[in-house]
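Notes follow once the structure below has been shown.
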Ligand code: SAM
Ligand code: SF4
Ligand code: SF4
């Protein structure tokens, strides 16, 4: 038996002692087995989506992490390989915008060489995908998810906050599919009064292409986006609106912990998904951990505090010490923020939640 760190640490940061022999597939206090890791490779982004990085806050004076603070590729690979010992099945690279990190395909190649069996995916705003898709595929990336909130050019420009032309994102989606990174998942955050008018057009546009649009309920992540419950379009309403296009029937989840609820068009023209984080939380199946660009581990998208792994990485800790620490963090986990929020929508707790751009969704 070895001890990861004393408990409790830093408010909601709790870590537990671990027995290494039992910790190669750790289970948390609510019975959830670790399986998925999201790694944010940068806190920077070339977009300013108002629901994530509103430009009034993330303006020219905003201080992003200095280069020395963010994990090197070697450090990321080392941490991910330790998660590999803990039962990692799916790895997703995210950000900020992951494609603004220099040499991203090199990182993908290093990860692929170290962990040949795992599924490696990327979430991107698509702005640089047309130029990078082939390199990413050659480096060993399996799949890509592209965020695109509308197929209406004006709504898109408004929702990316920097007037970025949506055709270039569409080119990126095509390039990803052509490079073998498909079927491409397309994430659209739905905000009432902003882009909800376009959900039917969006679904129509991608029907029959093999790409899968997933409509995401606008979430109260971070503290800067001014989230209001009345701006959330419930997934139930999204499905009702889409069912006017063509019949829809539910599809079984492909694996434990799949966050999107899947539906297929009854005429066989493909699938769509809805992510019901607000109206039907799925904390009970949450098998996911998140690593921020500066090496803090978060066990919930809505956590206030992360567990600093970087200090340990940079002070000569052994792989076994890191393994035990991470396993201890997982077994002590009892996060279920969205379930708690759903239970108290009239009186939401005011928490200093981490920003989405910091841990990558
Ligand atoms: N920059 C990349 C992108 O946009 O795909 C990766 C990082 S982004 C934080 C990851 C995902 O989080 C995106 O699909 C984005 O739409 C989603 N997201 C950001 N803020 C959100 C919010 N307030 N509610 C729901 N989804 C959000
Ligand atoms: Fe950037 Fe992605 Fe956040 Fe938009 S959602 S601001 S693209 S990190
Ligand atoms: Fe997982 Fe936290 Fe989201 Fe619940 S609120 S599904 S525990 S990340």
Among the residues listed as 126, 140, the single one being surrounded by fewer than 18 Cβ atoms within 10 Å (Cβ to Cβ), without any contact (Cβ under 8 Å) to a residue 60 or more places away in the chain, at positive phi and in contact with a strand residue (DSSP E or B) (Cβ under 8 Å, 6 or more places away or on another chain): 140
Look at region 40-67 and say how many of its residues are within 26 Å of residue 120 (Cα to Cα), away from ligand 1 (no atom under 12 Å from the Cβ) and either in contact with a helix residue (DSSP H, G or I) (Cβ under 6 Å, 6 or more places away or on another chain) or at pLDDT below 95 (or both). 0
Name, by its number, the condition in (1) part of a helix (DSSP H, G or I); (2) within 16 Å of ligand 1 (Cβ to nearest atom) that does not hold for residue 113. (2)
Among 141, 136, which is away from ligand 2 (no atom under 16 Å from the Cβ) and part of a loop (DSSP other than H, G, I, E, B)? 141
When residue 111 is evaluated against the numbered criteria (1) surrounded by fewer than 19 Cβ atoms within 10 Å (Cβ to Cβ); (2) under 19 Å from the mean Cα position of the chain (by Cα); (3) over 27 Å from residue 217 (Cβ atoms), which criterion, by number, is the only one it fails? (1)
Just to be sure before I move on: is residue 176 outside any loop (DSSP other than H, G, I, E, B), under 25 Å from residue 76 (Cα atoms) and more than 17 Å from the chain's Cα centre (by Cα) in the structure I sent? yes
Identity of the residue in region 144-164, part of a loop (DSSP other than H, G, I, E, B) and more than 21 Å from the chain's Cα centre (by Cα), that ends up farthest from residue 73 (Cα to Cα): 152
Wholly within region 262-361, strands (runs of 3 or more DSSP E) carrying at least 2 residues that are in contact (Cβ under 8 Å) with a residue 24 or more places away in the chain, buried (at least 20 other Cβ atoms within 10 Å of the Cβ) and more than 10 Å from ligand 3 (Cβ to nearest atom): 271-275
Counting only residues that are in a loop (DSSP other than H, G, I, E, B) and over 23 Å from residue 143 (Cα atoms), how many does region 26-46 have? 6
Quick check, is residue 257 over 18 Å from residue 50 (Cα atoms) and assigned to a loop (DSSP other than H, G, I, E, B)? yes
Give the residue, chosen from 76, 70, 14, that is at pLDDT below 95, closer than 23 Å to residue 311 by Cα and surrounded by 19 or more Cβ atoms within 10 Å (Cβ to Cβ). 14
Just to check your reading of the model, which residue among 274, 259 is at pLDDT 95 or above, under 18 Å from residue 188 (Cβ atoms) and under 18 Å from the mean Cα position of the chain (by Cα)? 274
Those residues of region 215-231 that are part of a loop (DSSP other than H, G, I, E, B) and more than 23 Å from residue 263 (Cβ to Cβ) come to a total of 9
Filter region 52-72 down to residues that are within 16 Å of ligand 2 (Cβ to nearest atom) and farther than 27 Å from residue 107 by Cβ and give me whichever is nearest to the chain's Cα centre (by Cα). 54
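The values are calculated or read from the model by the stated rules, or taken from the named source; none is laboratory data. What you see is a predicted model, and the numbers here were worked out from it, not measured in a lab. Every residue, glycine as well, gets a Cβ built from its backbone with ideal geometry; the counts of neighbours run over all protein chains shown.
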